[in-house]
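> This is the structure I want to talk about, given as structure tokens.
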Amino acid sequence: MTPIDIHGVGMTSRRTRERLVQRLREGGIVDARVLEAIRSTPRHLFVEEALAHRAYEDNALPIGFGQTISQPHIVALMTQAVLSRGPRRRVLEVGTGSGYQAAVLAPLVERVYTVERIRPLQQRAPKLFRKLRLRTIESAVHDGGLGWPEHAPYDAIITTAAPEVVPEELLKQLAPDGLLVIPVGLSGQQELRLIARQGDSSEYVEEVIQRVRFVPLLSGTTSA
Ligand code: SAH
């Protein structure tokens, strides 16, 4: 790992990243810890080389296999929601994709568990985590609609693909006062929800954050 790999040059320069952070701030991201995590995460390494020059625009970009790396604003918004009710220790992400959301979360919580259903995507992300020395992220191929029971319970679960209805298994794997940040609904009419487990009960309070557009949460795992 050479410094140039991490910090990049030209279009991936500090000024370019600072512009993105400024844009997110103007778009309502107020949590300074989240803005700092976005500033220090080299998004250009999480997209295909041919698209690296667009990595600090506030857009979703293709990552292969019909999937996308989420828009920075959405990553920041979801991360901010995870941290909105006090610190979180153990967080599960459903939908590793490029690994970018996990990398943004990693410095802000104790441990990130992340699962992906498409094997080749799942195999790519840990290489980046190692390169960036993000040692607190653990990843696996798994159908995240079923959570990741081995490591449950989680203080928060963040889902970066949208189911039509909230999967029961995810609610069950929340620790007391745990939070689920999840896009829900059919394509074209999804909303991002923040669902808070009330103490150790099986009661949950829901809040809609905003309308969003995510790829669908699919079941099972696949090699391509
Ligand atoms: N968090 C990712 C966003 C990737 S898009 C990033 O920062 O790049 C959402 C991802 O969810 C896709 O890679 C898709 O394959 C994955 N996905 C969809 N359904 C899933 C499921 N049931 N379990 C695990 N991953 C799933």
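> Per the 1.4 Å probe, what fraction of the accessible area of the chain, in percent, lies on carbon and sulfur atoms?
On the way: 5390 of 10740 Å².
C and S fraction of accessible area: 50 percent.
> Please determine, in degrees from 0 to 90 and to the nearest 10, the orientation of helix 119-131 with respect to the longest principal axis defined by the Cα atoms of the chain, where the helix direction is its Cα long axis.
Helix 119-131 sits at roughly 60 degrees to that axis.
> Return the distance in nm (one decimal) between the two label points of a simple spin-label model at residue 205 and residue 136, each offset 7 Å from Cα along Cα→Cβ.
The two pseudo-label positions are separated by 2.7 nm.
> Which value in deg cm²/dmol, rounded to the nearest 500, describes the helix-derived mean residue ellipticity at 222 nm for the chain, given -39,500 (n - 2.57) per DSSP H run of n ≥ 4 and division by the residue count?
Details: 7 runs with 62 residues, N = 224.
Result for the chain, helices only: -8000 deg cm²/dmol.
> Looking at the square roots a ≥ b ≥ c of the eigenvalues of the Cα gyration tensor of the range 1-133, which shape do they give, rounded for a/c under 1.5, prolate if a/b is larger than b/c, or oblate? List each step's numbers first, then the result.
Values: a/c = 1.43, a/b = 1.03, b/c = 1.39.
It comes out rounded by the Cα gyration axes.
> Over the Cα atoms of the range 78-119, how large are the radius of gyration and the largest Cα-Cα distance (Dmax), in Å?
10.3, 34
> To the nearest 10 square angstrom, how much accessible area does residue 214 have with a 1.4 angstrom probe?
It works out to around 30 Å².
> Once the Cβ-Cβ distance between residue 127 and residue 177 is put in as r, and R0 is 35 Å, what FRET efficiency do you end up with, to the nearest 0.05? If you can, show how the numbers build up before the last one.
Values: r = 35 Å, r/R0 = 0.99.
Calculated transfer efficiency: 0.50.
> At 1.4 Å probe size, with no ligands or nucleic acids counted, give the accessible surface of residue 208 in Å², nearest ten.
About 80 Å², ignoring ligands and nucleic acids.
> Can you give me the accessible area per residue for the range 61-212, using a 1.4 Å probe, in Å²?
Values: 6260 Å² over 152 residues.
That works out to 41 Å² per residue.
> Measure off 7 Å from each Cα along the Cα-to-Cβ vector at residue 18 and residue 164, then give the distance between these two points in nanometres to one decimal.
4.9 nm
> May I pose another question? Provide the convex hull volume over Cα atoms per residue for the range 61-212, in Å³. Please list the in-between numbers first.
Details: hull volume 15.3 nm³, N = 152.
Once divided by residue count, the hull of the range 61-212 is 101 Å³.
The values are calculated or read from the model by the stated rules, or taken from the named source; none is laboratory data. As the structure is a prediction and not an experimental result, all values here were calculated from the model. So basically every Cβ, Gly included, is an ideal-geometry build from the backbone, and we count neighbours across all protein chains shown. Side chains included, ligands, DNA and RNA excluded: accessible areas come from the protein's heavy atoms. Shrake-Rupley method; radii C 1.70, N 1.55, O 1.52, S 1.80 Å.
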